[in-house]
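Here's a structure for you.
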Amino acid sequence: MATRVLVPSGVLGLGFDRAALARGVAARPDIIAIDGGSTDSGPYSLGAGVSKYSRAATKAEWRHLMQARAEAGVPLVIGTAGTCGTDATVDWMYAITEELAAELGESVRVARLYSSQPRDRITKALAAGEVRPLDPAPPVDAAALAEMTNIVALAGAEQIQAALATGADIVIAGRTTDTATIAALPLARGDHPGAAWHGAKIAECGALCSTNPTSGVILVDFDETGFTVEAMAESALCTPHSVSAHMLYENSDPFRLYEPGGHLDVTGARYRALDARRVRVEGSEWVPGPYTVKLEGARIAGYQTTILAILRAPRYVAAAREWTKRLHAFLQGEIANRMGLSPADYTIDFRLIGADGALGSLENRSGQPVEIGVLGIVTAATQETAAEIGKLINPFVLHYPLTEEEELPTFAFPYSPATTDRGALYEFALNHVLMLDDPMAAFRILVTEVGA
Amino acid sequence: MKLGDLVLKVRSKNAGPFWLTVDIFCGDADRFARVSAALDTGEVARLFATPRQTLKRFDIEGLSVVKFSLPRPVIQGSREDRDMHGAQWAHLLEEIEV
């Protein structure tokens with residue numbers, strides 16, 4: 001059975017073209033699916049269990065999508081709710097949904113799919129040999145798991161299908177693969193499995209697979225032999241090149257994509273322009289494999305305080321690296337004398353913005369910039385220690401001279417206080433899969449009526 | 001000639017927190033043939049300070065794209081990471097002579 005999936009944008013919170021969304025709704029889709037997250041912004045969201053996007057932006061866009069759902073009369077699904085897809089961010093998204101249902105006068109059945117993993121479950125699975133490393137994987141044992149603030153498993157199509165089977169109008173899913181929310185319904189209705197996953201991968205970033213990436217809205221038709229993709233904004237065209245190139249995006253292997261229960265192989269995919277706007281794709285294959293779900297986890301790797309000084313005097317700009325080396329050695333002595341801390345207890349990383357701030361030792365260009373920003377990053381076991389080190393080094397970062405003979409220089413601090421406490425530094429600590437006999441064994445669904 | 005002046009676009013991004021991927025969009029078959037022949041995998045590995053055997057290379061003629069993927073030298077967002085989204089590796093590659 002052919003299945004029409006409307007994808008409003010690559011992620012909720014990034015915006016979409018309203019006229020394009022209206023055009024998509026008018027095309028009578030069978031489901032509206034959108035992604036709510038990614039690891040792309042770093043480990044903070046997962047570590048802290050909070051959304052990266054503002055509540056206001058999320059609510060404003062969700063309002064339009066809830067209205068679109070009501071108009072289309074089809075399910076609305078969001079995957080990886082609240083950037084990281086922890087239980088806390090699913091409930092955050094649910095609270096927004098409750099508010100909007102009241103404001104819009106909508107009465108909806110909401111299924112929440114939870115992906116957070118109790119530490120005990122993963123610890124037991126690890127002991128039973130059911131947690132397998134991917135390449136490259138950080139070492140993991142029970143002690144490492146005990147340090148993680150959040151662990152999630154990435155749901156696939158099966159779990160989304162189970163949530164849809166509750167008769168939900170809205171599915172708020174925790175961590176899912178980027179593609180699962182789009183592939184779930186076509187797969188459930190017997191469309192071509194290779195096409196379902198391939199079309200989902202092409203559409204998961206919204207209009208990024210078109211000639212106008214910021215327009216957002218994409219419509220995909222799945223059937224028994226392939227899929228057809230079209231951008232809903234008038235200014236956006238899907239071409240064989242724009243569509244096929246998207247398999248490269250944020251994907252280490254452009255021909256394979258691993259999902260729960262197998263992998264997609266697009267080696268044999270053929271991309272054909274149906275007209276100036278639409279592309280037809282056939283020939284991708286789904287290769288079934290063992291049922292595993294990917295795990296993500298984050299742990300606290302310390303607490304940070306930062307300081308930023310700008311060097312403008314040409315002599316200091318020219319000798320910035322030597323200056324930070326001398327300063328660093330001097331500060332180690334001061335910290336040992338005054339705080340009794342050894343270099344094993346903390347780190348101070350001075351990064352030279354204007355020299356190699358972004359690439360570090362990989363940088364192979366050099367020049368004489370007008371000024372250099374010296375970003376000092378202090379990392380220690382507690383915020384109190386990091387903040388104390390920040391205060392201790394503050395006057396030296398401001399005044400430390402290149403040589404002992406000269407008058408004390410004063411560099412530019414852009415604000416007061418000069419130090420900023422960053423809070424916890426989180427680290428991704430899992431790149432593993434969990435083997436499951438039953439896809440729902442690591443997930444749970446909660447159904448409620450909202451706004452009734 | 002620098003690679004960045006020859007091709008349409010060089011893009012690098014994370015492929016999950018543990019991998020980095022760099023796509024060279026050559027623009028057409030002629031430039032693809034030139035880039036594909038001129039790019040030495042060992043030289044790219046040295047540029048990224050990664051072991052040659054961990055650098056994956058895909059020469060995709062149909063798209064006129066040469067793609068490299070490598071394990072991230074430091075895990076995304078860990079203490080030593082300097083580029084959360086991994087987008088600056090592209091510039092290293094843009095600046096090599098072809």
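Restricting to segment B:89-98, give me the number of residues that are of a type outside the set (Phe, Trp, Tyr) and crowded, with 16+ Cβ neighbours inside 10 Å.
The total comes to 6.
Considering only segment A:77-85, I want to know if a residue exists there that is within 25 Å of residue A:166 (Cα to Cα), in contact (Cβ under 8 Å) with a residue 12 or more places away in the chain and touching a Leu at 6+ places or on another chain (Cβ under 7 Å).
yes
Another question, then. When you scan segment A:302-317, how many residues do you find that are buried (at least 19 other Cβ atoms within 10 Å of the Cβ) and under 28 Å from the mean Cα position of the chain (by Cα)?
Qualifying residue count, segment A:302-317: 6.
Could you check segment A:131-165 and list, in sequence order, the residues that are surrounded by fewer than 16 Cβ atoms within 10 Å (Cβ to Cβ) and either of a type in the set (D, E, K, R) or farther than 17 Å from residue A:46 by Cβ (or both)?
A:132, A:133, A:135, A:136, A:139, A:141, A:142, A:143, A:147, A:165
Mind telling me which of the residues A:243, A:281 ends up being touching a strand residue (DSSP E or B) at 6+ places or on another chain (Cβ under 7 Å), in a strand (DSSP E or B) and either within 14 Å of another protein chain (Cβ to nearest Cβ) or not β-branched (Val, Ile, Thr) (or both)?
Selected residue: A:281, the only one of A:243, A:281 that is touching a strand residue (DSSP E or B) at 6+ places or on another chain (Cβ under 7 Å), in a strand (DSSP E or B) and either within 14 Å of another protein chain (Cβ to nearest Cβ) or not β-branched (Val, Ile, Thr) (or both).
Output yes when any residue across segment B:33-52 is hydroxyl-bearing (Ser, Thr, Tyr) and more than 25 Å from residue A:357 (Cβ to Cβ), and no when none is.
Yes, there is a match, as at least one residue in segment B:33-52 is hydroxyl-bearing (Ser, Thr, Tyr) and more than 25 Å from residue A:357 (Cβ to Cβ).
I'd like to verify a number: residues in segment A:258-267 that are touching a strand residue (DSSP E or B) at 6+ places or on another chain (Cβ under 7 Å) and within 11 Å of chain B (Cβ to nearest Cβ), how many?
Residues meeting the conditions: 0.
Surrounded by fewer than 18 Cβ atoms within 10 Å (Cβ to Cβ), farther than 16 Å from residue A:436 by Cα and hydrophobic (A, V, I, L, M, F, W, C): is that true of residue A:127 in this structure?
Here the answer is no, as residue A:127 does not meet what is asked.
Among the candidates A:101, A:60, A:70, A:95, which residue alone is among the aliphatic types (A, V, I, L, M) and in contact (Cβ under 8 Å) with a residue 40 or more places away in the chain?
A:101
In this structure, does residue A:211 turn out to be part of a loop (DSSP other than H, G, I, E, B), surrounded by fewer than 24 Cβ atoms within 10 Å (Cβ to Cβ) and free of Cβ contacts under 8 Å to residues at least 40 places away in the same chain?
yes
Tally the residues that are of a type in the set (Gly, Ala, Ser) and assigned to a strand (DSSP E or B), restricting the search to segment A:136-192.
Residues that pass the stated criteria total 3.
Does residue B:28 satisfy being at pLDDT 95 or above and over 14 Å from the mean Cα position of the chain (by Cα)?
Considered against the rule, which asks whether it is at pLDDT 95 or above and over 14 Å from the mean Cα position of the chain (by Cα), residue B:28 comes out as yes.
In segment A:216-236, which residues are acidic (Asp, Glu) and outside any strand (DSSP E or B)?
A:223, A:224, A:234
Ok, one more. If you scan segment B:16-33, which residues turn out to be buried (at least 17 other Cβ atoms within 10 Å of the Cβ) and more than 30 Å from residue A:298 (Cα to Cα)?
If the condition is that a residue be buried (at least 17 other Cβ atoms within 10 Å of the Cβ) and more than 30 Å from residue A:298 (Cα to Cα), then B:24, B:25, B:26, B:31, B:32 are the ones that fit.
OK, next. So is residue B:13 in contact (Cβ under 8 Å) with a residue 60 or more places away in the chain, under 30 Å from residue A:430 (Cα atoms) and surrounded by fewer than 21 Cβ atoms within 10 Å (Cβ to Cβ) or not?
yes
For (1) aliphatic (A, V, I, L, M); (2) crowded, with 22+ Cβ neighbours inside 10 Å; (3) in contact (Cβ under 8 Å) with a residue 12 or more places away in the chain, each residue gets a yes or a no:
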{"position": "A:239", "(1), (2), (3)": "no, no, yes"}
{"position": "A:260", "(1), (2), (3)": "no, yes, yes"}
{"position": "A:282", "(1), (2), (3)": "no, no, yes"}
{"position": "A:286", "(1), (2), (3)": "no, no, yes"}
{"position": "A:300", "(1), (2), (3)": "yes, no, yes"}
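Name every residue in segment B:1-11 that is more than 21 Å from residue A:246 (Cα to Cα) and in a helix (DSSP H, G or I), in order of residue number.
Those that are more than 21 Å from residue A:246 (Cα to Cα) and in a helix (DSSP H, G or I): B:3, B:5, B:6.
The values are calculated or read from the model by the stated rules, or taken from the named source; none is laboratory data. The structure presented is a predicted model; accordingly, all values stated were derived computationally and were not measured. Cβ sites come from the backbone with ideal geometry, for glycine too, and all protein chains shown count toward neighbours.
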